[in-house]
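What follows is one structure encoded as structure tokens, with my remarks underneath.
The values are calculated or read from the model by the stated rules, or taken from the named source; none is laboratory data. Quick caveat: nothing in here was measured; it's all calculated off a predicted structure. Using ideal geometry, Cβ is built from the backbone for each residue, glycine included, and neighbour counts are taken over all protein chains shown. To get the accessible areas, we keep the full protein, side chains included, count just its heavy atoms, and leave off ligands, DNA and RNA. Shrake-Rupley method; radii C 1.70, N 1.55, O 1.52, S 1.80 Å.
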Amino acid sequence: MSQENVELTRRGVQAFNDRDLDALLAVLDDDVEIVPILAAMEGGYRGHDGVRRWWAGLIGGFPDIDVQVFEVRDLGNVTVAAWRVSGRGAESETPFDASVWQVHEWRGGKCFRWRAYPSKSEALEAVGLSE
């Protein structure tokens, strides 16, 4: 099952890069909880409606955002992924390029919790590991 979760992680990123919200929602549990980097201070989003709100804000603010997956660690029902996120702001045209670590928790072929971390050490600590 865990290798399937690695593939589902990659499928979710591909859906994001393809701007295919339905394909992204297909890998997310109906009651998914997401806490992206930019939302960490405000709290996260819950359920598919929350993902839609997050998506609209993110794509609206950064229409050419792109994610590259560099690594996905298989920890059974959890995956830890290293992403590079780049693009430009919609209004300012200011470019950005950042590394982000993601922790995804899986159940029944769906991600039910997804949280972003600014560093590898924080992501690994969140799952009880160290570098």
Within segment 36-57, restricting to residues that are outside any helix (DSSP H, G or I) and touching a residue at least 40 places away in the same chain (Cβ under 8 Å), the one that is farthest from W114 (Cα to Cα) is A40
Just a yes or no: is a residue in segment 90-110 under 13 Å from the mean Cα position of the chain (by Cα), at pLDDT 95 or above and acidic (D, E)?
yes
Which pairs do you get when a residue that is over 10 Å from E105 (Cα atoms), found in segment 24-35, comes within reach of a residue that is in a helix (DSSP H, G or I) and aromatic (F, W, Y), reach meaning Cβ atoms under 7 angstrom, with the pair 6+ apart or on two chains?
L24/F16; I34/W54
Determine the pairs where a residue that is among the acidic types (D, E), located within segment 61-76, has a partner that is in a strand (DSSP E or B) and open to solvent by less than 50 Å² (accessible area, probe 1.4 Å) with Cβ atoms under 7 Å apart, the partner being 6 or more residues away or on another chain.
D64/G87; D66/S86; D66/G87; E71/A81; E71/A82
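Without any contact (Cβ under 8 Å) to a residue 40 or more places away in the chain and at positive phi: which single residue out of E93, E105, E125 fits that description?
E93
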Tell me, which residue of segment 114-125 that is under 15 Å from the mean Cα position of the chain (by Cα) and open to solvent by less than 70 Å² (accessible area, probe 1.4 Å) is farthest from A82 (Cα to Cα)?
W114
N77: passes all of (1) touching a helix residue (DSSP H, G or I) at 6+ places or on another chain (Cβ under 9 Å); (2) buried (at least 17 other Cβ atoms within 10 Å of the Cβ) but (2)
Kindly evaluate G44 against the criterion of being open to solvent by less than 40 Å² (accessible area, probe 1.4 Å) and either of a type in the set (F, W, Y) or out of contact with any His (no Cβ under 7 Å at 6 or more places or on another chain) (or both).
no
Could you check segment 8-38 and list, in sequence order, the residues that are farther than 19 Å from S86 by Cβ and hydrophobic (A, V, I, L, M, F, W, C)?
L8, L21, A23, L25, A26, V27, L28, V32, I34, V35
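In segment 91-109, which residues are in a strand (DSSP E or B) and open to solvent by 70 Å² or more (accessible area, probe 1.4 Å)?
Our first condition is that a residue be in a strand (DSSP E or B); within segment 91-109, this holds for 95-107.
Scanning segment 91-109 gives P95, D97, S99, R107.
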Considering (1) touching a Leu at 6+ places or on another chain (Cβ under 6 Å); (2) open to solvent by 70 Å² or more (accessible area, probe 1.4 Å); (3) aliphatic (A, V, I, L, M), say which one V27 fails and leave the rest.
(2)
Kindly check whether there is at least one residue in segment 17-25 that is aliphatic (A, V, I, L, M), closer than 30 Å to S130 by Cα and not in a helix (DSSP H, G or I).
no
